[in-house]
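**Student:** One structure is given below, represented as structure tokens, and several questions about it will come after.
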Amino acid sequence: MKLAYFGDLTHTMQGIASKAFPIGIASVAAYARKNLGNQMSLELFKFPEELNNALSSKLPDLLCMSNYSWNL
């Protein structure tokens, strides 16, 4: 089974910068789940430390990250 990580990361150095649920990337992951079913395992990340730990233990086949124009 293939593995995909989905990330909409927030800054955590001086507290949590965004307490909102990562709805944008979660919607993309839900769409992928609907169309791929059990062909791919999906994991969603909001905190950089958790994504870093996951990447340290296993590299995904696909890494999907959000990017918003106001972040540029």
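Read-outs throughout are calculated quantities, based only on the coordinates presented, and are distinct from any laboratory measurement. The structure presented is a predicted model; accordingly, all values stated were derived computationally and were not measured. Note that each Cβ is placed from the backbone with ideal geometry, even for glycine, and that neighbours are counted across all protein chains shown.
**Student:** Counting Lys and Arg as +1 and Asp and Glu as -1, what is the net charge of the other residues whose Cβ lies under 13 Å from the Cβ of Arg33? The partial results should precede the final answer.
**Tutor:** Values: positive: Lys2, Lys34; negative: Glu43.
With Lys, Arg at +1 and Asp, Glu at -1, the neighbours total +1.
**Student:** Using 0.36 nm per residue of separation minus the Cα-Cα distance, give me the extension gain between Leu59 and Ala30 in nm, one decimal.
**Tutor:** Additional length available on full extension: 8.4 nm.
**Student:** Which of the trypsin sites (Lys or Arg not before Pro) found in segment 28-72 are in a DSSP loop and have at most 14 neighbouring Cβ atoms, other than their own, within 10 Å?
**Tutor:** Of the trypsin sites (Lys or Arg not before Pro), the ones in loops of segment 28-72 whose Cβ has at most 14 other Cβ atoms within 10 Å are Lys58.
**Student:** Ok, one more. Could you give the angle, 0 to 90 degrees to the nearest 10, between helix 48-57's Cα long axis and the longest principal axis of the Cα atoms of the chain?
**Tutor:** Helix 48-57 sits at roughly 40 degrees to that axis.
**Student:** Among Phe21, Phe47, Leu9, whose Cα sits farthest toward the positive end of the charge dipole of the chain (+1 at Cβ of Lys/Arg, -1 at Cβ of Asp/Glu, about the Cα centre)?
**Tutor:** Phe21
**Student:** Could you quote the convex hull projected area for the chain, Cα atoms only and averaged over all directions, in nm²?
**Tutor:** 5.3 nm²
**Student:** Helix 23-36 sits at what angle to the longest principal axis of the chain, using alpha carbons and giving 0 to 90 degrees rounded to 10?
**Tutor:** Approximately 0 degrees, to the nearest 10.
**Student:** Treating the beta-carbon of each Lys and Arg as +1 and of each Asp and Glu as -1, no other charges, what is the dipole magnitude of the chain about its Cα centre, to the nearest 20 debye?
**Tutor:** The dipole of the chain has a size of about 200 debye.
**Student:** So which residue, out of Gly15, Gly24, Gly37, gets the largest mean-square fluctuation from a GNM of the chain using Cα contacts under 10 Å as springs?
**Tutor:** Answer for the Gaussian network model of the chain: Gly15.
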